[in-house]
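Novice: Below is one structure. I have some questions about it.
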Amino acid sequence: MDATVRKFSGSAGQDSHPRPTREEAEAAVQTLIRWAGDDPRREGLVDTPQRVVRAYEEIFGGYCINPADILARTFEEVSGYDDMVLVRDIDFVSHCEHHMVPIIGKAHVAYFPDGQVLGLSKVARVVDLYARRLQTQETMTEEIAAIIDGALAPRGVAVLIEAEHMCMSMRGIRSKGSITTTSSFYGVFKDDKSERDRFLSMILNR
Ligand SMILES: Nc1nc2c(ncn2[C@@H]2O[C@H](COP(=O)(O)OP(=O)(O)OP(=O)(O)O)[C@@H](O)[C@H]2O)c(=O)[nH]1
Ligand SMILES: [Zn+2]
C-alpha cells in the first residue's frame with residue numbers, strides 16, 4: 001500500500017484520502033505561525049514546523065492502527081469467570097474535531113465476558129487508539145463500545161467517559177473545569193438496570 005495513504009481511517013470513512021507530503025504539512029504549520037502573527041524564520045521557530053509534524057504523527061497515530069489487531073488475542077482459561085470486568089480511570093488526551101485542541105479525560109470500560117476475556121492492556125490500547133484521532137466525545141465513546149462488542153461478543157459492554165474540553169476552557173466560552181460525561185451501554189448493561197447501576201456505582205463512588 002502507498003505509504004501516503006492512511007491504512008485505517010476514522011469514522012468519517014476517509015480510507016482512500018491521500019496524505020499530504022511531510023513538506024506540505026510543514027509548510028502548513030509555517031502558514032499557521034504567520035497567521036498567529038509570528039516570524040517562522042526566527043531561531044526559536046525555524047525547526048517548529050518539523051517538530052509539529054512529528055508531534056502530529058504521535059498525537060494522531062490512531063489512524064494507522066487497526067483496532068481489530070489490538071483485540072485479536074483473547075484468553076479463554078479463566079476458570080469460568082463470567083462477572084463484570086472493569087478497567088477504570090484510563091487517562092487519555094484526544095483532540096476535538098471542531099477546534100483541534102485537547103480533550104483531556106478518563107475512560108471507564110467494562111464488559112461481561114462470554115467464555116473469553118481480553119488482555120487488560122488491550123482495553124487501554126483501544127481507548128488510546130481512538131483518542132489519537134480527531135474526535136467528538138460521543139463518537140469516541142460509541143466507537144470503543146462497538147469495537148469491544150464486535151471483537152469479543154461479550155454479554156455486555158459499558159463505556160463511560162469524563163473529559164474536559166480545552167475548546168471550552170482556553171477559548172470561546174472560557175468555562176474552566178466543566179466536565180462532560182458520555183456513556184454507551186450494550187447487552188446486559190443496557191437491559192439490566194441493576195448491572196448498569198453497579199457499573200456506575202463502581203466508577204462514580206470512588
Ligand atoms: N457534542 C460535542 N460538541 C463538541 C465536542 N467538542 C467540542 N464541541 C462543541 O462543538 C461546537 C462547535 O460549535 P460552532 O458554533 O460550530 O463553533 P464555535 O463558534 O467555535 O463555537 P464556540 O465554542 O461556542 O465558540 C462547540 O459548541 C463546542 O463546544 C464534543 O466532543 N461533542
Ligand atoms: Zn472543540
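What follows is calculated from the coordinates using simple rules that are stated; it is not laboratory data. Bear in mind that the values here come from a model prediction, so they are computed numbers and not experimental data. Every residue, glycine as well, gets a Cβ built from its backbone with ideal geometry; the counts of neighbours run over all protein chains shown.
Novice: Between beta-carbons, use under 10 Å as the cut-off and find the net charge around Thr139, counting Lys and Arg +1, Asp and Glu -1.
Specialist: Around Thr139, the surrounding residues sum to -3.
Novice: Positive end of the charge dipole of the chain (Lys, Arg +1 and Asp, Glu -1 on Cβ, about the Cα centre): tell me which of Met170, Ala55, Tyr81 has its Cα farthest that way.
Specialist: Result: Met170.
Novice: Based on Cα coordinates alone, diagonalise the gyration tensor for the range 94-166, multiply each eigenvalue by 5, take square roots, and list the semi-axes in whole Å, largest first.
Specialist: So the equivalent ellipsoid measures 24, 10, 10 Å along its semi-axes.
Novice: Running a GNM on the chain with Cα contacts under 10 Å, which residue among Asp149, Asp128, Asp83 ends up with the highest mean-square fluctuation?
Specialist: Comparing Asp149, Asp128, Asp83 in the GNM, the peak value goes to Asp83.
Novice: To continue, here is another question. Going by how many other beta carbons lie within 10 Å of each one, how would you line up Val123, Val159, Val52, fewest first?
Specialist: Least crowded to most crowded, the residues run Val52, Val123, Val159.
Novice: Please give the FRET efficiency for Ser121 paired with Arg54, using the beta carbon to beta carbon distance and R0 = 22 Å, rounded to the nearest 0.05.
Specialist: After rounding to 0.05, the efficiency reads 0.30.
Novice: Now for a different question. With n ≥ 4 as the cut-off for DSSP H runs, can you work out [θ] at 222 nm for the chain, using -39500 (n - 2.57) per run divided by the number of residues, rounded to the nearest 500?
Specialist: After summing the helix terms and dividing by the residues of the chain, the value is -11000 deg cm²/dmol.
Novice: Moving on to the next point. Between Ile148, Ile90, Ile161, where does the largest GNM mean-square fluctuation fall for the chain, given springs only between Cα atoms within less than 10 Å?
Specialist: Among Ile148, Ile90, Ile161, the largest mean-square fluctuation in the Gaussian network model of the chain belongs to Ile90.
Novice: I would also like to ask the following. If I stretch the segment between His99 and Asp38 completely, what's the gain in nm (0.36 nm per residue apart, minus their alpha carbon distance), one decimal?
Specialist: Separation in residues times 0.36 nm, less the Cα-Cα distance, equals 19.9 nm.
Novice: Here is a follow-up. Send over the Kirkwood Rh of the chain, from the inverse of the averaged 1/r over different Cα pairs, rounded to one decimal Å.
Specialist: Over the chain, the inverse of the mean reciprocal pair distance is 18.8 Å.
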